[in-house]
Amino acid sequence: MFEPTSPPVLLLCFGIALSRSLDFLSTWIVTPNLTLEANPLMRRLGWGGMLLLNVPLLALPWLHQGLSVTFIVASLLVAGTNLANGALTRGMGEQRQLESQMAALRRLGLGRALALNTGGMLVVAAAGALLMALAGDADSLAWWGGLGVGMCGVAGLVHLNLALARLHRRAVQAEQRRESERRAAQRDAWKAREPRSRSEKERTGEEVHAQGERARAKTAEFGLKRR
């Protein structure tokens with residue numbers, strides 16, 4: 001343990017402030033409206049709620065230095081991932097990126113998407129477990145750093161799988177809604193066409209009747225002239 005005013009404690013406090021700020025900044029770059037936020041709690045709390053929830057973390061170095069390292073490592077990994085993916089997302093916009101993700105998920109299938117994400121996050125968690133094993137025990141800050149890597153993998157496994165399931169459900173609902181709208185448009189088109197068809201038939205019948213009357217009139221007129 002460090003002294004409360006020792007440089008390592010102050011460094012950890014600065015590290016938490018920096019890493020959480022980068023996490024916030026990278027999230028804002030990728031999804032300003034939190035449309036693409038995978039964590040449902042963060043999405044529900046909004047920016048103000050997330051800020052208030054993170055303020056107490058600044059006191060963590062004075063309570064537990066190991067957990068401080070865990071949060072710093074996990075936050076930096078998340079921020080780095082967000083920034084790496086931020087270019088395309090920022091360029092496309094949240095709504096287009098969301099629609100693109102739903103279309104890709106429908107083509108790939110939910111099962112394959114969950115399997116790929118689970119495999120990737122288990123690899124990250126395995127890297128964290130390896131670092132923890134090499135560090136030896138919890139007396140080493142490296143052990144807590146490995147825990148941060150493992151936590152990042154576990155959080156990605158849970159949150160991203162839930163987000164994939166939610167996106168797939170939205171994609172299915174959107175597809176069903178489009179199909180319903182298409183069928184309704186077809187029904188409306190047939191209903192609008194039926195009165196026209198009846199009126200066209202009536203007009204055709206009237207024209208035939210009129211032609212017949214004119215033909216009979218001409219025949220009668222011809223007969224009178226012959227007389």
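Laboratory data are not the source of any read-out in this text; all were calculated from the coordinates shown. Remember, it's a predicted structure, so these values are computed and weren't measured experimentally. FYI the Cβ positions are ideal-geometry reconstructions off the backbone, even for glycines, and counts take in every protein chain you see.
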| field | Contour excess over end-to-end distance, with Cα ends at Ala142 and Met42 and 0.36 nm allotted per residue | value | 33.2 nm
| field | Candidates per GluC sites (Glu not before Pro) in region 32-135, loop by DSSP, up to 15 other Cβ within 10 Å | value | none
| Just the projected area, averaged over all directions, of the convex hull on the alpha carbon atoms of region 1-97: how many nm²? | 6.2
| message | Using the Cα centre of region 66-137 as origin and beta-carbon charges of +1 (Lys, Arg) and -1 (Asp, Glu), tell me which of Gly120, Leu76, Gly136 is placed farthest towards the positive end of the dipole. | response | Gly120
